[in-house]
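Below you'll find the structure, written out as structure tokens, and then a few comments.
The values are calculated or read from the model by the stated rules, or taken from the named source; none is laboratory data. Computed from a prediction, not measured in an experiment: that's the story for all the values here. Glycine also receives a Cβ, built like all others from the backbone with ideal geometry; neighbour counts cover every protein chain displayed. For accessibility, only protein heavy atoms count, side chains too; no ligands or nucleic acids. Shrake-Rupley method; radii C 1.70, N 1.55, O 1.52, S 1.80 Å.
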Amino acid sequence: RGAATYRQFDARVPSDVSRRSLAALPLLLAGCADRDKSQHVEWAVRGGVPLLGQAVYPPSDAPKRPGLPPCAVLLHGGGWTRGRREDMGLFARRLASHGIVCFSVDYRLAPGHRWPAPYEDARDAVRWVRANARTLGVDPERVVAVGVSAGAQLALSLSVRGECPAGS
């Protein structure tokens with residue numbers, strides 16, 4: 001069970017925003033309220049690597065709260081050498097079922113990209129979500145990074161360095 005569960009909770013992160021991805025975002029996200037729908041967005045290219053995000057929205061039967069929903073930027077594990085944003089799919093759907101919008105992201109991996117590339121991509125993913133909160137339909141004051149294994153280390157680093165303050 002451990003190995004299968006770990007693979008289900010893995011994914012990747014992104015960074016430099018292109019005008020093309022911003023222009024396409026509303027079209028890509030249209031209709032994401034359905035239970036099994038998610039949309040992929042190329043929101044950055046860094047070091048020649050396209051960084052993609054996958055937005056997963058709460059299903060129509062998820063709890064509704066006043067105001068815009070919070071957003072969890074999901075960071076996969078994999079020892080900084082492997083993993084994909086799609087690996088966080090089950091985790092994203094579970095959070096979405098509780099009314100949380102999830103944005104699972106790719107980040108640059110070793111050995112082709114050395115530290116601090118993964119950290120910079122994770123940081124920029126959070127910044128990108130906050131900057132595009134209106135288009136994503138989320139509360140920019142309630143964006144948090146969540147990760148598994150290597151992704152958890154990235155999320156903790158963001159918190160310690162003040163990029164994702166506690167309670168945000």
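Relative protection proxy for 88-97, 64-73, 103-112, from highest mean packing down: 103-112, 88-97, 64-73 (other beta-carbon atoms within 10 angstrom). Given a 1.4 Å probe and the protein chains all in place, what does the accessible area of residue 120 round to, in Å² to the nearest 10? The accessible area comes out at roughly 60 Å².
Give me the percent relative contact order of region 38-162, please, defined on Cα pairs under 8 angstrom at least 6 residues apart.
Working: 243 pairs, mean separation 37.4, N = 125.
This gives 30 percent for region 38-162.
Only Cα pairs under 8 Å and 6+ residues apart enter the sum, and on that basis the relative contact order of region 90-168 stands at 21 percent. When the square roots of the Cα gyration tensor eigenvalues are ordered a ≥ b ≥ c, the ratio a/c for region 71-139 is 1.5 or more and a/b does not exceed b/c, which makes its shape oblate. What FRET efficiency would be calculated for the residue pair residue 68, residue 115, taking the C-beta separation as r and a Förster radius of 25 Å, to the nearest 0.05? That gives a FRET efficiency of 0.15. Compared with the direct C-alpha span, the chain from residue 139 to residue 98 gains 13.2 nm at full extension, assuming 0.36 nm per residue. Rounded, prolate or oblate: which fits region 36-168 when a ≥ b ≥ c are the square roots of the eigenvalues of the alpha-carbon gyration tensor, with rounded for a/c under 1.5 and prolate only if a/b beats b/c? Because a/c hits 1.5 or more and a/b exceeds b/c, region 36-168 counts as prolate.
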